[in-house]
1. Sorted by accessible area with a 1.4 angstrom probe, largest first, how do 79, 247 fall?
2. Using a 1.4 angstrom probe on heavy atoms only, work out the carbon and sulfur share of the accessible area of the chain in %.
3. What percent does the relative contact order of the chain come to when contacts are Cα pairs within less than 8 Å and at least six residues apart?
4. Assuming a ≥ b ≥ c are the square roots of the Cα gyration tensor eigenvalues, decide whether the range 273-351 counts as rounded (a/c under 1.5), prolate (otherwise, with a/b larger than b/c) or oblate.
5. Skip the ligands, DNA and RNA, and give the accessible area per residue of the chain with a 1.4 Å probe, whole Å².
6. Using a 1.4 angstrom probe and counting only protein chains, how large is the accessible area of residue 136 in Å², to 10?
7. Between residue 127 and residue 175, what FRET efficiency comes out of the Förster formula 1/(1 + (r/R0)^6) with R0 = 22 Å and r the beta carbon distance, rounded to 0.05?
8. Please give the net charge around residue 62, taking every other residue with its beta carbon less than 12 angstrom from that of residue 62, where Lys and Arg add +1 and Asp and Glu add -1.
Amino acid sequence: MKLFKNYLKIITVLMVFSLSSCSDYLDTEPITEEATTLNNGIVIENAAAAESRMNAVYGTFGSGYWQLDFFLAGDGQSDNAYIGADNPAVFQYETYQMLSTNSQMKGDWNDIYNNINTCNIVINYVDQASDLSPTRRDEMIGEASLIRALNHFQAVQLWGDCPIAKNAIFSISSENFDEAFNELFPERKPVAEVYEQIIADCQVAIEKAPNALNKFKANKMGANALLAKVYATMPNPDWAKVNQYCDVVIGGGYTLLPTFDHLFDSAHEANAESIWEVNGDGWGSPIGAWNTFMFLGTDWKKFNAPSHTLVQAFENNGDTQRLASTITRQNVGWSDTYWPSANYPFAYKMRDTNGNQNYYIARLADILLLKAEALASMGDVSGAMVLVNQVRDRAGIAAISASNQSDAVNKILEERLMELAFEGDRWFDLKRMGKAIEILSQQKDGNGNVLPSASNINQNRLLWPIPQDKLDANALLNQNPGY
């Protein structure tokens, strides 16, 4: 491997010297920015340039991954949705037959690492801004660090071992060659190392990011919420840490909205339950939210049609409020093996068609149920169910109890299904709680028949393949098992 790295470095030097502009070479790689003309090495010249770069960081939430594929991964791959629509590449998500050449998945990798690079530009270069106050500089570093952590968290959950990207490279010189090489030809880092980086970035955000007053910004409480999810998801979860960070958030003054539907009606943005939300701010803004059209409407068959499993969970629990806020039905011009044309269901949490649709990165109910999961995993079954029933009470349904730890975990999982459907959580919940193969192998169609594709799910399919074009361009990368 060392000899191969040295060979690659020689080739890289020759390529660099053969180009009129180093940035032309950097353009060939997804973890770099488009060609940029530097002024004596200055990337961020002043406060205005810094704010522009920060706007670009938030603009990454307008990427294809965060507007669509996050929900295809989190819901479409799970048992709460039939992925639907008409994209053959996306069908591979639902049927657990992902190919390394899948164009949609390749786009997800590019989006996530381009998002990280946009954060790195701020983290690496904001100190150059001549007239930026120290307070605002630190805030920017904290915000960008949290968004970088969030994107690395997506990468490690989707691909397992994955590159850690921390440096935005604009030019190559003898002084930074090794650093630049590592960014241009990254190796996959072990999952444990990726989580260490995510945790470190969250800690920077807790120290430097703004407080929680602006819920449209990456903020300190958002960092605590992400840390709680990270410690629950990493190998050998640290439930004491999950409980600790959940308690910080729960003690942060948030309250459950009395009316569940107010979370999604676009009239209660930045509400008392919201910890951190992505702000769709209309067409022409950094985030002109187009995701609504992917899930709602009769002009073409949409993604993430609600499943019978989800509908049955609501009906079994008498959960009419959350059912009405999560699913709407219309007479459409198509039918399938799942639902009839006259009463076809749509995911309904995203409803605003004016480019203003918001969605949550973290909200209180998620954290309450995550704390319940931590308590149950540590043996406090009764304490866990108190939190579950707090969420159920808001939904207007009866309290439940659990007979043992396993029963509590299963009931928490079902509660998360009903509370968080179509918010991008279900696939990751099933994997985290060790239930993915057991549950997804039993998915059924509208006639109660197990889906043929359900037999494809196995341990290897809990991770996606590394995109083939990345393997072809960088022999330091290796493929996941089973692909």
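1. Result, largest first: 247, 79.
2. The computed percentage sits at 50.
3. Values: 841 pairs, mean separation 89.4, N = 483.
Worked out over the chain, it gives 19 percent.
4. oblate
5. Heavy-atom SASA per residue in the chain reads 39 Å².
6. 40
7. The value I calculate is 0.80.
8. For residues surrounding residue 62, the net value is -2.
The values are calculated or read from the model by the stated rules, or taken from the named source; none is laboratory data. Here the structure is a predicted model, which is why all the values come from computation and not from measurement. As a convention, Cβ positions derive from the backbone with ideal geometry for all residues, glycine included, and neighbour counts pool all protein chains shown. Surface accessibility is based on the protein's heavy atoms, side chains included, excluding ligands, DNA and RNA. Shrake-Rupley method; radii C 1.70, N 1.55, O 1.52, S 1.80 Å.
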